[in-house]
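To start, the structure itself, in structure tokens.
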Amino acid sequence: MWGGRFAEGPSAIMREINASIPFDKLLWRQDIAASKAHVAMLAACKIVSEDDAATITGGLDAVAAEYASDGVPEDWDLEDIHMTTEARLAEIVGPVAGRLHTARSRNDQVATDFRLWVRDETDALVDALTGLQRALVNRAGEHAGTIMPGFTHLQTAQPVTLGHHLMAYYEMIGRDLSRFRDARVRLNQSPLGSAALAGTGFPIDREMTAQALGFDGPTSNSLDAVSDRDFALDFLGSASQCALHLSRLAEEFVIWASQPFGFVRMPDTLSTGSSIMPQKKNPDAAELVRGHAGRIVGCQMALMMTMKGLPLAYSKDMQDDKPPVFEAAALLQLCVAAMTGMIDGADFREDRMRQAAELGYATATDLADWLVREADIPFREAHHITGAAVKLAERKSAALDELSLEELQAIDERIDERVYAALSVEASVAARNSYGGTAPEQVRARVAEARSKSGMET
């Protein structure tokens, strides 16, 4: 491959450290597609003959069929997917295969293939995340009125609805989708034709190859084109944020499935047992989603450190750009699938959720609000009165609505019997009817908006 420049071949150590075929073979579909677009352009620009282009294209189709059937062979002497494909092409069509590499370099070739792969993976993740959103919306619609405790500091705060809780994750995933879509727009320029770093002297048509590969256009600077990995970092940044959201959702399921909570029965298909304790049903899928978030964030950090000090243009360090992206993409796809299955298959225990919502004096804020609204008491004073009521209820081991009117009036005489209408958990959630609030009416409206916006079926 290196022609007459070297008197000796690489050492075994150099051969091993230099080879990328064990991982960049994942790019074979993109490499074939980009090569076919390139040779079609060479023929259109009369840089190679139509006959040679047809021969090369047919050979590339034959190579692709072999890869699809038998996998990509790993010959470390050929280093990477690009030389592996070119070598096999030469075996099939002969010396004419050497014309394929006219007016391009492995530098712009890998930059193009990698962008195509990340674009394909972005599209696949957008589809998967849309499926997760659909699952969240469907379950939120089922449970728009299901009462559960809302928490701050993992302490009971105010009653909310399960539908409202699930729709919070719908919003998070929506932001993840926007990040992936934005990243896709930025990556969708074609480096092909930038050659090694300075462009090429051949009269090529970069607009033609960009259009053939579905790019919006060619990159504008050849130095930047071959050395840019912002698109990979954008992808990993989006993946990391998404993984954090999935990890939070997974943690909710781990907590909710524990016996002290008992809010949910996990699907058998996403749980495991114990080798020694037959009663156990462990939320291992959720725990692994939580764990995988760390690995995905680590992939982002790895590529950032690889790129942080590289001068223009291409450096061999950049061969290490692909493993973290490949790993993060595979892990995130798995995590999204696991959480979608978890949402779809979860058996939410409405009775346990409601019981928990009645504990911890979750309607205390409703008492304070009632004092402000009905007795015209400043909120800070109402807060103090409510604190005294909670203290009394704790001493009596009673709920707030179980305190007698006489007991409440002993704390503040301005309280009257109307207060009891505000102290039930049902009244509490119904009262939170501001836009985006937890009231069932609001949750149903947000579910309807989500379905309308995304064209989701009920």
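You can think of it this way: the chain between ALA12 and ASP127 has 37.1 nm of extra reach, that is 0.36 nm per residue less the Cα-Cα gap. Cross-link reach is defined here as a Cα-Cα straight distance under 29 Å, omitting same-chain residues fewer than 8 places apart; for LYS46 the lysines meeting it are LYS36.
Each stretch of four or more DSSP H residues adds -39500 (n - 2.57); spread over every residue of the chain, this sum gives -20500 deg cm²/dmol at 222 nm. Reducing region 423-458 and region 193-207 to their Cα centroids gives an inter-centroid distance of 56 Å.
Could you give me D for region 12-102, from Stokes-Einstein at 20 °C and 1.002 mPa s, where the hydrodynamic radius is the Kirkwood radius over C-alpha pairs? Units µm² s⁻¹, please. If you can, show how the numbers build up before the last one.
Working: Rh = 13.4 Å.
Answer, rounded: 160 µm²/s.
With respect to the chain, whose longest principal axis is taken over its alpha-carbon atoms, helix 364-375 is tilted by about 60°. Taking a straight line from the alpha carbon of LYS25, these lysines sit under 16 Å away, with near neighbours fewer than eight places off in the same chain left out: LYS322.
Amide H to amide H distances under 5 Å link ASN282 with THR272, GLY273, where only residues 5 or more positions off or on other chains count and H is placed in the peptide plane. Packing, taken as the mean count of other beta carbons within 10 Å per residue, orders the peptides 81-89, 341-349 from highest to lowest as 81-89, 341-349. Here region 166-323 is assigned +1 on the Cβ of each Lys and Arg and -1 on the Cβ of each Asp and Glu. Its dipole about the Cα centre then comes out at about 420 debye.
Defining a contact as two alpha carbons under 8 Å apart and six or more residues distant in sequence, what relative contact order in percent does region 357-454 show? It would help to have the intermediate numbers written out before the result.
Details: 86 pairs, mean separation 24.1, N = 98.
Reported as a whole number, the value is 25 percent.
Can you tell me the order of 369-379, 217-227 when each peptide is scored by its average per-residue count of other Cβ atoms within 10 angstrom, highest first? Provide the component values of the computation, followed by the final result.
Details: 369-379: 15.9, 217-227: 18.7.
The densest-packed peptide leads the list: 217-227, 369-379.
With the simple model of a label 7 Å out from the Cα in the direction of the Cβ, VAL185 to LYS391 spans 5.6 nm.
Taking the longest Cα principal axis of the chain as reference, the axis of helix 81-93 is set at about 40 degrees.
Each peptide among 114-124, 16-26, 322-332 gets the average number of other Cβ atoms lying within 10 Å of its residues, and from highest to lowest they stand as 322-332, 114-124, 16-26. Taking every alpha-carbon pair under 8 Å whose residues sit at least 6 apart, region 1-101 reaches a relative contact order of 37 percent. Principal axis extents of the Cα atoms in region 300-458, from largest to smallest and rounded to whole angstrom, are 80, 41, 29.
With one equal scatterer per alpha carbon and no solvent term, the Debye-computed log10 I(q)/I(0) for the chain at 0.09, 0.13 1/Å reads -0.74, -1.13.
Residue separation times 0.36 nm, minus the C-alpha to C-alpha distance between ARG295 and VAL372: what's the value? Working shown, then result.
Values: separation 77, 0.36 × 77 = 27.72 nm, distance 4.94 nm.
Result: 22.8 nm gained on full extension.
With the Cα gyration tensor of region 259-388 giving a ≥ b ≥ c as the square roots of its eigenvalues, does the rule (a/c under 1.5 for rounded; else a/b larger than b/c for prolate; else oblate) give rounded, prolate or oblate? Here region 259-388 falls in the oblate category. Distance from the Cα centroid of region 373-400 to that of region 112-183 is 37 Å (rounded to whole angstrom). Relative to the longest principal axis of the Cα atoms of the chain, the long axis of helix 322-345 makes an angle of roughly 40 degrees. Close amide H pairs (under 5 Å, H built 1.01 Å from N) link ARG349 with VAL264, ARG265, residues at least 5 positions away or on another chain. Calculated accessible area for the chain comes out at 47 Å² per residue, all protein chains present (probe 1.4 Å; ligands, DNA, RNA ignored).
Simple rule: put +1 on each Lys or Arg Cβ and -1 on each Asp or Glu Cβ in the chain, find the dipole, and look at PHE253, GLY217, GLY199; the Cα lying farthest toward the positive end is GLY199.
The values are calculated or read from the model by the stated rules, or taken from the named source; none is laboratory data. Remember, it's a predicted structure, so these values are computed and weren't measured experimentally. Note that each Cβ is placed from the backbone with ideal geometry, even for glycine, and that neighbours are counted across all protein chains shown. Surface accessibility is based on the protein's heavy atoms, side chains included, excluding ligands, DNA and RNA. Shrake-Rupley method; radii C 1.70, N 1.55, O 1.52, S 1.80 Å.
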